[in-house]
Amino acid sequence: MTVREKIALFPHSPGVYRYYDAAGNVIYVGKAKDLHKRVAQYFVPPERLTTKTRILVSKIADAQYSVVDTEADALLLENNLIKQYKPRYNILLKDSKTYPWICVTGDEFPRVFITRRIDKSRGNRYFGPYSSVMHARNLVDFFRETYPLRSCNLNITSEAILKGKFRPCLDFHIGRCKAPCIGKISQKEYADNIDEIVRILTGRGGEVIRHYKTLMAEAAERLEFEDAQVYKDKIRTLEKHYAKSIITSATDTSADVFSLVLDANEAFGNFLRIRGGAIVQSLNLGFRCGIEEEPASILSAFVAEIESKFGDLSKEVIVPFLPDVEIDGVEFRIPVRGDKLALLELSAKNAKEFHFHSIKQREHTDPDQFRLSVMEELRKALEMKELPRHMECFDNSNIQGTNPVASCVVFRDAEPSKKDYRRFKIKTVIGANDFASMKEVVNRRYARMLEEAPDDLPQLVVIDGGKGQLDAAYQALAELGLTEKLTVVGLAKRLEEVIRVGDPYPLFIDRNSQALKVLQRIRDEAHRFGITFHRNLRSKAAIQSALREIKGVGEKTEQRLLLHYGSVAKIAQAPLEDLSALVGAELAVKIHDYLNE
């Protein structure tokens, strides 16, 4: 059954469709209110499709679908399948970070802490995620200053308290904890504190403040002024905390806000969650757009991603334009005035800032500062005393011992300095002996530098090879008395491991770090430079052997022929009459016959 025949059988139901290429890979996932109608739109005359869509259709070898109950279910299933398969032609989330959550454990005396892993099997509750770990830390610090929470990992139960299993820690003695481990605070009182924390985390801090004001007034009426002062202090602390928070309005507004900035094949989105008039969550996300570049489709993908991260959306969702999906119980609203328009403008401002900083990070607006940071990262990774502003790398090249050569490339301030590159023919080593060749070349290089430019020695020497080549280079430096003046390391290609003299264990630098990238770059440049030199020598040797092996052809005849024809191949193709005019009829026949055998 062909693809066209198969899609003709797709039902008129909401669902998700998947396209596969000839290798069986998922190349596109899409959602639809009506699967049959939506998929049929791809299989129309090519001139009615965009360029990207035509390319997609040309690669479709199979199609499958999944039916769901509602359009909202289709949106969530599409989002999950895109994360699972990462199809080439879909809108893909560029952000792969894990965000911090604030966890309130399900213990009798719960703990409150920051985590990036979610495990609800123990009755834990999670609030977030927070785009800024600093914001999450400030919140947890605020809770610990305001409420006497425990910070220990003890399994505190009523039974354990009765048996006297625990002793109070330092936090109890300095007044930061009321020692639930020995029963100094009741479970109800501790639970009341946790309830207030949860209300603050869910944006209901105003309720907590109003509750404390009621308790303060009641305590004052009973002439319990010490209790009233405690409530007053808590009110001040909470109001001070909220003064530092982003308050959107004096009303108890609760809504979710989305905004997008579109830039060619990318989109930059901002999400705000408003509870009780305050921003309780904010997140920036970037997307790489696929074949569906309509803003409404990108916004739907953004909504689905937020719902998967933060849970159910608010009943009211503020957007700059409508997404191409409807969700039961959710009203998408485009504001035109008032507080809600101000919220949308605030979100749009965040999205624009996110877009601006994302672009600037790629451009490295200050190249000198960037190179300096790379060298500093490399210095720390190799535990060097000096910044490696001057680096040199050596590589050997030979094939079965023929034409052994070596190369030395030079980087200054993390950039190639090609005028300082050097090539070496191996003079004292016979055959393929990489270790001896490395020792000879390093000795020759730095013996000459000590004579001609002793103040221009490199801070870092990189050897392309393993322990054997590194030891040989180190011996050469030792003989010259340079081992204390510069750092020498080997870079093994197989695992990209850095080998250091006297260290039995290789150093593995983060594969994504700029430090490793600059080492790889100088190593690859040395290899390229050396291979080019070696090939030139082999070509010259091949030319010489091809002509010199002909009886009667000497150096001058060889030069005359090469100057006239340019290459041995053209000499072989030359007519006998032309060759005879250059070298005589008898020798011309010998050259022609030899080169064409």
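Values for this structure:
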| read-out | value |
| --- | --- |
| Residue within segment 77-96 that is modelled with pLDDT under 85, assigned to a loop (DSSP other than H, G, I, E, B) and under 24 Å from VAL330 (Cα atoms) present | yes |
| Total residues in segment 1-20, condition at pLDDT below 85 and closer than 15 Å to SER58 by Cα | 3 |
| Pairs, first among the charged types (D, E, K, R) in segment 569-597, second modelled with pLDDT under 85 and part of a loop (DSSP other than H, G, I, E, B), C-beta under 6 Å, six or more apart | LYS590/ILE550 |
| Enumerated strands (runs of 3 or more DSSP E) restricted to segment 351-469, each holding at least 1 residues that are farther than 24 Å from GLU496 by Cβ and at pLDDT below 80 | 390-399, 402-412 |
| Complete set of residues in segment 441-470 that are over 18 Å from ARG422 (Cα atoms), buried (at least 19 other Cβ atoms within 10 Å of the Cβ) and in contact with a helix residue (DSSP H, G or I) (Cβ under 8 Å, 6 or more places away or on another chain) | GLY465, GLN469 |
| ASP34, sole failed condition from (1) free of Cβ contacts under 8 Å to residues at least 24 places away in the same chain; (2) farther than 26 Å from PHE332 by Cβ | (2) |
| Answer from GLY584, GLY502, GLY490 - the residue that is outside the structural domain of VAL442 (by TED's automatic domain parsing) and at pLDDT 75 or above | GLY584 |
| When residues of segment 584-597 are limited to those that are of a type outside the set (A, V, I, L, M) and assigned to a helix (DSSP H, G or I), the one nearest to LEU547 (Cα to Cα) | TYR594 |
| Qualifying residue in segment 391-400 (condition: among the β-branched types (Val, Ile, Thr), touching a residue at least 40 places away in the same chain (Cβ under 8 Å) and over 22 Å from GLY481 (Cα atoms)) | yes |
| Helices (runs of 4 or more DSSP H) enclosed by segment 110-217 - at least 3 residues per element that are at pLDDT 85 or above | 187-201 |
| Enumeration of residues in segment 565-583 that are surrounded by 13 or more Cβ atoms within 10 Å (Cβ to Cβ) and outside any helix (DSSP H, G or I) | ALA574 |
| Scope segment 461-489; condition more than 22 Å from VAL405 (Cα to Cα) and in contact (Cβ under 8 Å) with a residue 60 or more places away in the chain; matching residues | THR487 |
| Single match in LYS188, LYS178, LYS184 (criterion: surrounded by fewer than 16 Cβ atoms within 10 Å (Cβ to Cβ) and in contact with a Phe, Trp or Tyr (Cβ under 8 Å, 6 or more places away or on another chain)) | LYS184 |
| Test result for GLU345, within 25 Å of THR253 (Cα to Cα) and modelled with pLDDT under 80 | no |
| When residues of segment 524-564 are limited to those that are in a helix (DSSP H, G or I) and of a type in the set (Val, Ile, Thr), the one modelled with the highest pLDDT | THR557 |
| Close pairs (6 angstrom Cβ cut-off, 6 or more residues apart or separate chains): within 20 Å of ASN79 (Cβ to Cβ) in segment 51-69, in a loop (DSSP other than H, G, I, E, B) and modelled with pLDDT under 80 anywhere | LEU56/TYR89; LEU56/ILE291 |
| Qualifying residue in segment 294-306 (condition: in the same structural domain as PHE271 (by TED's automatic domain parsing) and modelled with pLDDT under 80) | yes |
| Close pairs (7 angstrom Cβ cut-off, 6 or more residues apart or separate chains): within 22 Å of GLU266 (Cβ to Cβ) in segment 302-321, β-branched (Val, Ile, Thr) anywhere | VAL319/ILE334; PRO320/ILE334; PHE321/ILE334 |
| Residues located in segment 563-588, provided they are of a type outside the set (Phe, Trp, Tyr) and touching a helix residue (DSSP H, G or I) at 6+ places or on another chain (Cβ under 7 Å) | HIS564, VAL568, ILE571, ALA572, ALA574, LEU576, LEU579, SER580, LEU582, VAL583, ALA588 |
| Any hit, segment 466-484, residues being under 29 Å from the mean Cα position of the chain (by Cα) and under 30 Å from PHE370 (Cβ atoms) | no |
| Residue match in segment 279-291 (condition: touching a Lys or Arg at 6+ places or on another chain (Cβ under 7 Å), at pLDDT below 80 and on the phi > 0 side of the Ramachandran plot) | no |
| Residue match in segment 24-35 (condition: farther than 25 Å from LYS86 by Cβ, surrounded by fewer than 21 Cβ atoms within 10 Å (Cβ to Cβ) and hydrophobic (A, V, I, L, M, F, W, C)) | no |
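The values are calculated or read from the model by the stated rules, or taken from the named source; none is laboratory data. Computed from a predicted structure; not experimentally measured. Glycine gets a Cβ as well: all are built from the backbone with ideal geometry, and neighbour counts include every protein chain shown.
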